[in-house]
Amino acid sequence: MIDPRKPKFPQRGILFVSSEVFPYAKTGGLADVSTALPQALREFDHDVRLIMPKYGFIGEKKQKIHVINRTQGMDVEIGNKKTTINVKSSAILTPRTRVQIYLSESDEYFSRMGLYSDPDTGIDYPDNDERFITFAHSVIGLCKRLLWKPDIIHCNDWQTGLIPLYIKDSIKNDPFFRGTKTVFTIHNLAYQGNFPASSYPKTGLPPEYFTPNGSEFYGQFSFMKTGIAFADAITTVSETYAEEIRTPEFGCGMEGLLTKRKKDLHGITNGIDMAVWDTENDLNIVTQYTSGTIHKKEECKMDLCESIGIPYEQGTPIIGIIARFVHQKGIELLIETMDQILKTGAQIVILGSGEKKYEEFFLKQQKKHPNQVGVFLGFHDNFAHKIEAGADIFIMPSAYEPCGLNQMYSMRYGTIPVARRTGGLADTITDPLEATKKNPATGFLFDKYEGKAFMKALDRAMSEYRRHPNKWRELQINGMSKDFSWNKSALKYAELYEKLLAKP
């Protein structure tokens, strides 16, 4: 049912394109966004549909996937060879809404057990260029087979970067997509989908687009740059990150193009699913609680200790970490300061996976300090909820963070974030030193990407926890009171769509 208090927009057809959507496939926050934002846009009565690849591990019975006769047997040319795509259908159902999702099936390209890399070796598939050229063709073919012309095609990250160009090129000879506008969202500029120049002819696009002002990136063919160059509008996932990526430090070589297109670049901070991350109704945690019964959080702390195999110690802060073990997440700073952290007596609970050297370091620390360090390699959604509920402090010392979701999950759970002031972390956390009545303190921030600055912020947090319980409780309640829902973000996207469609 549509909320009558929401702003009214003309009903629009929106095709949301992503390489991963929860619960079908997930490697990171993109999958969560790709589920939550379309649902929020449905609240404006838009006809929102999703499309993603159908990977080999996606079960047809479990996800209730069914065949659409009109979208079977689509032949696509990839360079000098042909492949066949079938597009099937499923739906994301919630108590409030239903969003249809299409899945592009290709025995040759998407029947594998990994999204972008071999799960056994961690090595990227060598034909990822052909895989996501195929996916782009399936998006175009789906619309034409269904005779459904979306008003907006909303693309996400490099895997979808060719679609805005295919739309522009198609319109020159075929009126089907005339009037359709494209939005390209950058979730992480560092992952660009760059391939040898020899990959470009596989697209079937004219050579006129392969230039420094188009798809060419220092002699390579870049999917990310193609999306930035040819989309009608570009968005990214926080206001600060939209500014950062126009600088050499964060622009990853594309700051010039992004500066050139700054009028078309919009920073819209992600939201989170407030129903999934809800302490009052979370069945993943041992005890539900609210800001009014936050003392019950201690029971979640005891349960976390038992689950990870470290002793519960009243008054000892537990530091939580949920992350991919890569440079972006500031793992080097954690390694640099690990001895200092452990000397404070704090306990650390770590959930994640990534580079082997980092995994081995954490396992070694667990073996060396079994009463202080607990490690769970991999990802487990239930355990992620346990950490958010049971930890006292959550650390995100990121080198860069386009938006970040865990700091918002943490605040919802009364867990205080300690983070570097970058991207969405800067936009969503307020340090006590900068707090106002309208914007109260919710966490601790540091600026320089160095162990000393990180440790200073963490020391401030632990000092507050140990010495000022009333102030700590105030921080917790401030965070739990914040509105991180998708409502504001979805409204900004809906307004952006209208501005685009008003243009000739």
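The values are calculated or read from the model by the stated rules, or taken from the named source; none is laboratory data. None of these values were measured; they are calculated from a predicted model. Cβ sites come from the backbone with ideal geometry, for glycine too, and all protein chains shown count toward neighbours. Areas reflect the complete protein model, heavy atoms only, side chains present, ligands, DNA and RNA absent. Shrake-Rupley method; radii C 1.70, N 1.55, O 1.52, S 1.80 Å.
Before moving on, here are some points about what is shown:
- Over the chain, relative contact order from alpha-carbon pairs under 8 Å, at least 6 apart, %: 12 percent
- Near-label residues of segment 225-244 by backbone N, under 11 Å of a point 7 Å along Cα→Cβ of Lys260: 229-230
- The angle separating the long axis of helix 356-368 from the principal Cα axis of greatest extent in the chain is about 20 degrees.
- Placing +1 on the Cβ of every Lys and Arg and -1 on the Cβ of every Asp and Glu, with no other charges, gives the chain a dipole of roughly 1020 debye about its Cα centre.
- Taking the C-alpha atoms only, the angle from helix 29-42 to the longest principal axis of the chain is near 70 degrees.
- Within straight-line cross-link reach of Lys81, lysines at Cα separation under 18 Å, skipping those fewer than 8 residues along the same chain: Lys202
- Cα centroid separation - segment 270-296 against segment 476-504, whole Å: 23 Å
- Solvent accessible area, Å² - Met274, 1.4 Å probe, full protein context: 50 Å²
- Mean separation of Cα pairs under 8 Å and 6 or more residues apart, divided by the residue count, gives segment 409-500 a relative contact order of 31 percent.
- When only the Cβ of Lys, Arg, Asp and Glu is charged (+1, +1, -1, -1), the dipole of segment 104-207 relative to its Cα centre reaches about 700 debye.
- Phe446 long-range amide H proximity, modeled H, under 5 Å: Ala419, Arg420, Arg421
- Solvent-accessible surface of the chain, taken per residue with a 1.4 Å probe and all protein chains present: 42 Å².
- Overall form of segment 267-412: oblate. Here a/c, set by the Cα gyration tensor axes a ≥ b ≥ c, is 1.5 or more, and a/b is not larger than b/c.
- Anisotropy class of the chain from Cα gyration tensor, a/c 1.5 cut: prolate
- Helix-only CD estimate at 222 nm, as mean residue ellipticity for the chain, using -39500 (n - 2.57) per DSSP H run (n ≥ 4): -10500 deg cm²/dmol
- Cα-based helix-to-principal-axis angle, 331-343 vs the chain, degrees rounded to 10: 10 degrees
- The chain - percent of accessible surface contributed by carbon and sulfur, probe 1.4 Å: 51 percent
- FRET E, pair Leu342, Ile171, Förster distance 45 Å, beta-carbon r, rounded to 0.05: 0.15
- Over 28 Å (Cα to Cα) - which of Lys262/Lys452; Lys262/Lys492; Lys82/Lys356 fall in this group: Lys262/Lys452; Lys82/Lys356
- Förster-model FRET efficiency, 35 Å R0, Asp45 and Ala190, C-beta, rounded to 0.05: 0.45
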